[in-house]
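Asks: Provided herewith is a single structure, encoded as structure tokens, for subsequent inquiry.
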Amino acid sequence: MNTEVLNFIPQEEIEGLLARASEPDWPRLKDIFAKALEVETLSPEETAQLISVKDPEKWDAIFDVALEVKKKVYDNRIVTFAPLYLSNYCVNNCLYCGFRRDNTAVERRRLSIDEVRAEVEVLAGEIGHKRLIVVYGEHPSSGIDYIVDTIRQIYDVRVKTKRGYGSIRRVNVNAPPFSVEELVRLKEVGIGTYQVFQETYHRPTYEYVHPEGTRKHDYLWRLYVMHRAMEAGIDDVGLGVLFGLYDWRFEVMGLLYHSIELERRFNIGPHTISFPRLEPAINTPFVQETRYKVSDEDFKKIIAIIRLSVPYTGLIITARESAEIRDEMISIGVTQTDASTKIGLGAYSDRMVEQELNRQQFQLGDTRSLDELIRSLAAMGYITSFCTAGYRCGRTGENIMSLLKSGAEGKFCKLNAVLTFREWLDDFASPETRQIGERLIEKELEEIRQQMPDIFPKLMDYYNKTIDGRRDLYF
Ligand code: SAM
Ligand code: SF4
């Protein structure tokens, strides 16, 4: 594929659209809302218009509709996961990252297979996670062979819990951009989502923050990684931007153009979009120096605009953000978040309590435990879903796109959310969380009984078996 010719991020066109966009009047804004509520991807012109809104009343309306879209597609479910850092050796020199090659202040480590097992025993056996995102630097010592071996090990671990057993059922991957042959191997080992963040869609900025002579300097190699993933049969992909490198308005347009390109070429949009903001990292002055830091107010706008622009996609916020911001963003459009997060290499099994920046890629803003997060979400009316059935039943790629757009995916997911939430409450919850969680389950069961009477008896059968200690029953 001649990617030079095909570059689908037309910088000048995007800049022109942003410069020309005028604030939409109410009728126009309502048309845009109607389209998003139909779960249709917005056009670049429509997204540029949302970006240009100044009127605070219109912003309030945008936030409200963003939540409405999220409810339509994902109901009141929040998916949780934990990041697991496996190797921080890196050949790149990204100016913003604590793991960059020239940063001598960071301790380098690559977990052995036994160390991976020890981490997973804590994550799946003590905390109760079912989903991980595994994270690797880019280095020959943590290339595709190591990645495949570590993922295989993670899926292998099975730990006895109070009533059942704990295991990781879905491993998402955040790793460097691979070739098609390497991606085929990731597909074979059974990964969930393959995430690669473009960091910035603005090519001059990209080439500046990823210095010449490093592998990551190649903008197009990274830009086209999801095309290669699709070619390799991975139809579940996650996009992302590191907000703070360049103007957020351009980046939001970049995410939209990337989503449209994948939809157009493969009929499959991104399963998730991530929007990390730059966080302080040890010996990394770039983070303090950037002109493009995103304020909390703009961050909220970014999430609402992406929610409307790519309405079917999952939106991920991470523990980089403070508890307050995370709670607020969940009420706008976010659908996935991490908890009990530790990002130091080996930090779960070392039972690290304080953050140790010389072991971390950056600093975390929220270190609440999974139990605390689940309790706080339940108090807000959100059910935490540990469902991992989707990819195991082939509900990915084109299949899931139509389910998401019609709202049908929400139905399967609601059933699986209840079952997996019950598992977690029985195996891992503190008494307070269990109490509030059980009240939420009662409400959910009643709703399902009324809305899906045909399937309700089967759900209750699975539900009672789950209470008896059976695990991993799903629809
Ligand atoms: N090394 C691979 C790569 O760069 O694609 C994979 C993972 S990297 C460890 C994960 C992500 O962390 C990067 O894609 C980047 O967006 C984010 N990141 C790097 N430095 C950061 C910082 N200082 N604050 C917040 N996020 C950061
Ligand atoms: Fe390496 Fe990824 Fe950090 Fe860049 S962002 S220095 S590639 S770990």
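The values are calculated or read from the model by the stated rules, or taken from the named source; none is laboratory data. The structure displayed is predicted, hence computed values, not measured ones. Using ideal geometry, Cβ is built from the backbone for each residue, glycine included, and neighbour counts are taken over all protein chains shown. Each accessible area value is taken on the protein alone, full model and side chains, heavy atoms only, with ligands, DNA and RNA left out. Shrake-Rupley method; radii C 1.70, N 1.55, O 1.52, S 1.80 Å.
Asks: Want the number for residue 474 to residue 43: 0.36 nm per residue separation, take away the alpha-carbon distance, what's left?
Replies: Net length gain for the segment: 151.5 nm.
Asks: Same structure, new question: Filter the trypsin sites (Lys or Arg not before Pro) in segment 220-315 down to the DSSP loop ones having no more than 11 other Cβ atoms within 10 Å, then list what survives.
Replies: Of the trypsin sites (Lys or Arg not before Pro), the ones in loops of segment 220-315 whose Cβ has at most 11 other Cβ atoms within 10 Å are 291.
Asks: Please report the accessible area of residue 90 (heavy atoms, 1.4 Å probe, ligands and nucleic acids excluded) in Å², nearest 10.
Replies: Using a 1.4 Å probe on the heavy atoms, I get roughly 30 Å².
Asks: Just to confirm my numbers, what's the Cα centroid distance between segment 292-369 and segment 11-41 in Å?
Replies: Taking the Cα centre of each part, segment 292-369 and segment 11-41 sit 27 Å apart.
Asks: Sticking with this structure for a sec: Give the percent of DSSP beta bridges with both residues in the chain that are antiparallel, rounded to the nearest 5.
Replies: Here the share of antiparallel DSSP bridges comes out near 10 percent.
Asks: In segment 358-377, whose amide N lies under 19 Å from the spot 7 Å out along Cα-to-Cβ of residue 107? List them in ranges.
Replies: 358-364, by backbone N distance to the label point.
Asks: Here is the link list: 30/58; 54/301; 301/414; 58/301; 58/414. Which ones come out longer than 22 Å on Cα distance?
Replies: Flagged as over cut-off: 301/414; 58/414.
Asks: Considering only Cα-Cα distances, which of the following residue pairs are longer than 25 Å: 130/216; 162/187; 70/300?
Replies: 130/216; 162/187
Asks: So with the 1.4 Å probe, I'd like the accessible area per residue for the chain, rounded to whole Å².
Replies: 38 Å²
Asks: Restricting to DSSP H runs of at least four residues, report the calculated mean residue ellipticity at 222 nm for the chain, -39500 (n - 2.57) per run over all residues, nearest 500 deg cm²/dmol.
Replies: Calculated mean residue ellipticity at 222 nm is -14500 deg cm²/dmol.
Asks: Mean separation of Cα pairs under 8 Å and 6+ residues apart, divided by the residue count of segment 179-251: what relative contact order is that in percent?
Replies: About 50 percent, as a whole number.
Asks: Still on this structure, I have one more. List, in order, the whole-Hz ³J(HN,Hα) value for each residue of segment 106-114 obtained from phi through the Karplus relation with A = 6.51, B = -1.76, C = 1.60 and θ = phi - 60°; use x for Gly and Pro.
Replies: Each residue's phi maps through the Karplus curve to give 9, 6, 9, 7, 10, 5, 7, 4, 5 Hz.
Asks: Also, quick follow-up: Would you mind telling me the share, in percent, of accessible area of the chain contributed by carbon and sulfur at probe 1.4 angstrom?
Replies: Within the chain, the accessible surface is 48 percent carbon and sulfur.
Asks: If R0 is 60 Å, what FRET efficiency do you get for residue 165 and residue 267 from their C-beta distance, rounded to 0.05?
Replies: With R0 = 60 Å, the Cβ-Cβ based efficiency is 0.95.
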